[in-house]
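Comments concern the structure below.
The values are calculated or read from the model by the stated rules, or taken from the named source; none is laboratory data. Just so we're clear, the structure is a prediction, and the values are computed from it rather than from any experiment. Neighbour counts are summed over all protein chains in view; Cβ atoms, including those assigned to glycine, are modelled from backbone coordinates with ideal geometry. Remember, those area values only see protein heavy atoms, side chains included, never the ligands or the DNA or RNA. Shrake-Rupley method; radii C 1.70, N 1.55, O 1.52, S 1.80 Å.
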Amino acid sequence: PVVVRAGDFFGPRTTGNSWFSSALVSPGRPVRRVLDPGTPGIGHQWAYLPDVAETMVRLAEREADLPRVAAFNMDGHWDPDGRQMVAAIVRAAGGRVPVRRFPWFLLPLAAPFWPLAREIGEMRYLWREPLRMDNAGLVAFLGAEPHTPLDRAVRETLVGLSCLPG
């Protein structure tokens, strides 16, 4: 088996299980505000799904060279201060979009009625502690990691989620 670890997913068809499409923006609606779950100054790792898919294809093409069990980390888009992803969304949306804090305080209140709230709250540490995976093994094996520039990846994501016109 091959394991590929990556940051929080975003991409043109990510709805549901993605912080980008479940919290930061609302799929199917124009970007009128961005909800920011991050902690200012704390880095966060993101993974653009087309880059993840390309990485997996490249690994599959070299299956004969892989050990029986292999694990690789992707660097993806490292947001060193927790502000870059939000800023890219604001730029893509035309620059005049308010940014609001994610209402973490509401999750314990919602948990008795919405079981997912407890699970979301358990993941808060990923927004309070920087966690950056090292992609040195992946780069050593493939030579380079597929990497779409952030502004392009965010714009393609927002268009794919029907938050911006194509």
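Suppose all protein chains stay in the model; what accessible area per residue would a 1.4 Å probe give for the chain, in Å²?
Here the residues of the chain average 56 Å² of exposed surface.
Treating the Cα atoms of region 29-115 as identical point scatterers in vacuum, please give the log10 of the normalised Debye intensity I(q)/I(0) at q = 0.21 Å⁻¹, two decimals.
Reported log10 I(q)/I(0), two decimals: -1.04.
Rounded to the nearest 500, what is the chain's calculated 222 nm mean residue ellipticity when only DSSP H runs of at least 4 contribute -39500 (n - 2.57) each, over all residues?
On the way: 7 runs with 56 residues, N = 166.
Calculated mean residue ellipticity at 222 nm is -9000 deg cm²/dmol.
So how do 70-79, 112-121, 88-97 stack up, highest first, on mean other-Cβ count within 10 Å?
Result, highest mean Cβ count within 10 Å first: 70-79, 88-97, 112-121.
Taking Rg and Dmax of the Cα atoms in Å as the quantity of interest, determine which of (1) 16.9, 52; (2) 17.0, 55; (3) 18.0, 54 was computed from the displayed structure.
(1)
Computed over the Cα atoms of region 101-166, what is the convex hull's projected area averaged over all directions, in nm²?
Averaged projected hull area, Cα only: 7.4 nm².
Take each uninterrupted DSSP H stretch in the chain, measure its Cα extent along the helix axis, and return the ones at 24 Å or beyond whose mean Kyte-Doolittle hydropathy is at least 0.0.
None clear 24 Å together with a mean of 0.0.
Which one, Leu49, Leu150, Leu107, has the greatest fluctuation when you compute a Gaussian network model over the chain with C-alpha springs under 10 angstrom?
Judging by the Gaussian network model, the answer is Leu107.
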